[in-house]
Amino acid sequence: MRSRAILILISLLIVVGFLGFQLELNLPGRPPSIDKTYTPLTKSPPTSVSSYDVLGYVVESEKADRWLQTEKGRQALSPDHGAVKVTEELIDLGRDAFYQETFGNEYLFTDVVGILDGPINLGSIAKAVWV
């Protein structure tokens with residue numbers, strides 16, 4: 001009975017390993033098309049390109065044009081005061097960063113759940129199965 005369980009476990013590990021190797025999961029090379037995401041359904045992308053974002057507050061392009069005509073407005077919309085001009089390039093850069101960067105997730109997979117270095121290793125799995 002015990003050898004049968006071991007044989008089933010080894011066979012299952014081989015099948016899962018083979019399927020995992022065949023899938024070749026990886027991060028996408030380019031962000032998906034906006035039409036293939038839930039973004040239009042949940043929150044539409046910003047339509048006011050050439051507006052400004054000042055520390056999280058949106059200054060529409062018409063208002064920004066009026067502000068840029070005065071010295072105080074130019075100072076308020078300067079990068080020194082946290083203002084960022086919203087452009088198509090900036091939006092594309094944000095989409096690229098969101099879909100291609102790992103944001104530190106690789107530490108979870110390599111150090112915490114890592115097969116060789118993390119606390120969940122082959123030895124602890126084998127010990128849990130045998131006990």
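The values are calculated or read from the model by the stated rules, or taken from the named source; none is laboratory data. Fair warning: this is a prediction, and the values are worked out from it, not measured in the lab. Reconstructed Cβ throughout: ideal geometry from the backbone, glycine too, with neighbour counts over all protein chains shown.
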* Every residue from region 62-98 that is under 16 Å from SER48 (Cα atoms), more than 26 Å from the chain's Cα centre (by Cα) and of a type in the set (Asp, Glu) -> GLU62, ASP65
* Structure fact -> Pairing a residue in region 55-69 that is charged (D, E, K, R) with any residue that is part of a loop (DSSP other than H, G, I, E, B) and at pLDDT below 90, where Cβ atoms lie under 8 Å and the two sit 6 or more apart in sequence or on different chains, gives GLU60/SER48; GLU60/SER51
* **Elements of type strands (runs of 3 or more DSSP E) contained in region 49-131, each with 1 or more residues being at pLDDT 75 or above, of a type in the set (Lys, Arg) and in contact with a strand residue (DSSP E or B) (Cβ under 6 Å, 6 or more places away or on another chain)** => 83-85
* If you check ARG4 against the conditions, is it among the basic types (Lys, Arg), exposed (fewer than 12 other Cβ atoms within 10 Å of the Cβ) and at pLDDT 75 or above? -> yes
